[in-house]
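Asker: Before anything else, here's the structure in question.
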Amino acid sequence: MSKLDIRIEPCLRAAPAALPDPLGFGRHFTARMFTRRYSAGRGWHDAVIGPYQPLALDPAAQVFHCGQMVFDGTKAYPRPDGNLNLFRVEKNADRFNRSAARLAMPEVDIDEHVQAIAELVKLEHGWVPKQEGAALYIRPVMIAVENTLEVRSSRNFLHYIILSPVAPYFSGGFRPVSVLVSDSYVRTVRGGTGEAKTPGNYAGSLAGTEEALAAGHQQVLWLDAVERRYVDEVGAMNIAFVYEGKHIRTPALSGAILQGVTRDSLLKLAPDLGYTVTEDRIDIHEVMRDIESGTITEAFGMGTGAVIAPVGSLGYRGQNYTLASGEAGPVARMLFKSLTDIQYGRVPDPYGWTRMVEVAAAKARPAVRV
Ligand SMILES: Cc1ncc(COP(=O)(O)O)c(C=O)c1O
């Protein structure tokens, strides 16, 4: 395992005695950040954990013109013993590298990336919210910083990691969301960048999302870009349908869909809880028919933010299809509890998905400001 030499700079800001209330999701950031630079010929260098601060970038930096940027998202979960759990962080790091490769950017060493996350989280453990179901969201990013308007891959990059204390996604209970099936916009296309976590995919989804919000929905269900017929994803989540309360069906990874870590974990967990699982091509017309006949009993989104977001209704071509009387269903509840129990370390982890960051001893010592 490689050991990254990270310079730790002084930071005058300590974690506040109380975090802002309401905390929301991704609105507040901790006092420190990790940064590291890359230059062609030299590789990665100057790994630093220092104060969280604005980036000074040249207006010609390629990230602003080519959009050469990737990011990822994972969380540190507070455990009952006072330590923190990172969840499948190597899998996220691997996706970060696959995103980088798709955008013609350099990869990072997975052990070094995970070490940077673990060291930053350890230093910032005071920012972990105390609220049940809250966590420290981890956002690794890589951007192209060479100053040129030429359309080609950059020679210089910045890799940084920031942390955000986040409230539980459903602070007022497990509320189903209303979803609009978009047939006017598509998110990505096979062979495009749908499997990469890159801002262009999200920027391209905003007009459709605004349209859904204006029509009284909360999320968009994206169909495939070629036939506009097969289900891809819901908002920034993977989607699953439950048949007769026991069978879970989700779109197969087609090349246009982000390979979600939550999706993968739930598909591994579900058979151990007695559910059957299939991954295939899902026709939206079939979905509407199966909702109407009552064969589909639940639908839900899967992603790091909410873990599971139950779908209460689907709007498609002027008609609204309600699922399970608009309530969160038993399968969504069971999967949510089973996965979050592992993530928060409330039960043993038989899958080897969690990696503990020890902070309990540090908490017991009086706080020292550096
Ligand atoms: C487009 C998209 N799909 C699916 C997901 C779910 O992925 P994960 O479970 O790894 O958070 C995300 C979130 O990262 C996303 O942005």
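The values are calculated or read from the model by the stated rules, or taken from the named source; none is laboratory data. Quick caveat: nothing in here was measured; it's all calculated off a predicted structure. All Cβ positions, glycine included, derive from the backbone under ideal geometry; neighbour counts span all protein chains shown. Surface accessibility is based on the protein's heavy atoms, side chains included, excluding ligands, DNA and RNA. Shrake-Rupley method; radii C 1.70, N 1.55, O 1.52, S 1.80 Å.
Asker: Over the Cα atoms of segment 212-369, Rg to Rh with Kirkwood Rh, two decimal places?
Answerer: A ratio of 1.06.
Asker: Using the Cα atoms of segment 1-72 to build a convex hull, what is its mean projected area in square nanometres?
Answerer: Across all orientations, segment 1-72 yields a mean hull projection of 7.9 nm².
Asker: Pull out the extension gain between Thr148 and Val226, defined as 0.36 nm times the separation in residues minus the alpha carbon to alpha carbon distance; nm, one decimal.
Answerer: 24.7 nm is the gain from fully extending Thr148 to Val226.
Asker: To continue, here is another question. Whole number in Å², please: accessible area per residue of segment 160-200, 1.4 Å probe, ligands, DNA and RNA not counted.
Answerer: So segment 160-200 comes to 38 Å² accessible per residue, rounded to a whole number.
Asker: For a protection proxy built on the mean count of beta-carbon atoms within 10 angstrom, sort 95-105, 141-151, 7-17 highest first, please.
Answerer: 95-105, 141-151, 7-17
Asker: If each of Ala207 and Ala361 carries a label point 7 Å out from its Cα toward its Cβ, how far apart are those two points in nm?
Answerer: 5.6 nm
Asker: Next up: Run the numbers for Arg13 and Glu279: contour at 0.36 nm per residue of separation, minus the present Cα-Cα distance, in nm.
Answerer: In short, 91.0 nm is gained.
Asker: On the protein heavy atoms, probe 1.4 angstrom, tell me the percent of accessible surface of segment 117-239 carried by carbon and sulfur.
Answerer: Reported share for carbon and sulfur atoms: 52 percent.
Asker: Another question, if that's okay. Relative to the compact-globule scaling 2.2 N^0.38 Å, provide the ratio for the alpha-carbon radius of gyration of the chain.
Answerer: 1.01
Asker: Also, quick follow-up: Going through the cross-link list Lys130/Lys268; Lys75/Lys197; Lys3/Lys337, which pairs have a Cα-Cα distance over 27 Å in this structure?
Answerer: Lys130/Lys268; Lys3/Lys337
Asker: Averaging over all projection directions, find the projected area of the Cα convex hull of segment 1-136 and quote it in nm² with one decimal place.
Answerer: 10.0 nm²
Asker: Further question on the same structure: Asp272 to Thr295: FRET efficiency via 1/(1 + (r/R0)^6), r the Cβ-Cβ distance, R0 25 Å, to the nearest 0.05?
Answerer: E between Asp272 and Thr295, to the nearest 0.05, is 0.55.
Asker: Where does segment 184-228 land on Rg(C-alpha)/(2.2 N^0.38 Å)?
Answerer: After normalising by residue count via 2.2 N^0.38 Å, the value is 1.16.
Asker: Follow-up question, since we're still on this one. Per-residue ellipticity at 222 nm for the chain, helices alone: DSSP H runs ≥ 4 residues times -39500 (n - 2.57), over residue total, nearest 500 deg cm²/dmol?
Answerer: So the helix-based figure for the chain works out to -6500 deg cm²/dmol.
Asker: Just how far, in whole angstrom, is segment 181-217 from segment 19-66 if you go by their alpha carbon centroids?
Answerer: Centre-to-centre (Cα) distance: 25 Å.
Asker: Give me the aspartates and glutamates in straight-line cross-link reach of Lys246: C-alpha distance below 19 Å, same-chain residues under 8 apart excluded.
Answerer: Correct list for Lys246: Asp264, Asp272, Glu279, Asp280, Glu286, Asp290, Glu292, Glu298, Glu327.
Asker: Can you tell me the length gained on complete extension of the stretch Asp21 to Ala40, counting 0.36 nm per residue apart and subtracting the Cα distance?
Answerer: In short, 2.4 nm is gained.
Asker: Right, here's the next one. Just to confirm my numbers, what's the Cα centroid distance between segment 90-147 and segment 229-258 in Å?
Answerer: Taking the Cα centre of segment 229-258 as reference, the centre of segment 90-147 is 26 Å away.
Asker: Relative contact order for the chain: what percent, with Cα pairs under 8 Å and sequence separation of 6 or more?
Answerer: Contact order relative to length: 19 percent.
Asker: If you rank Arg88, Arg228, Arg317 by how much accessible surface each has, with a 1.4 Å probe, what is the order from largest down?
Answerer: Arg317, Arg228, Arg88
Asker: Something else: At Asp349 and Asp111, where each label point lies 7 Å from the Cα along Cα→Cβ, what is the point-to-point distance in nanometres?
Answerer: 1.9 nm
Asker: Here is a further query. Could you state the orientation-averaged shadow area of the convex hull built on the Cα atoms of segment 93-221, in nm² to one decimal?
Answerer: 10.9 nm²
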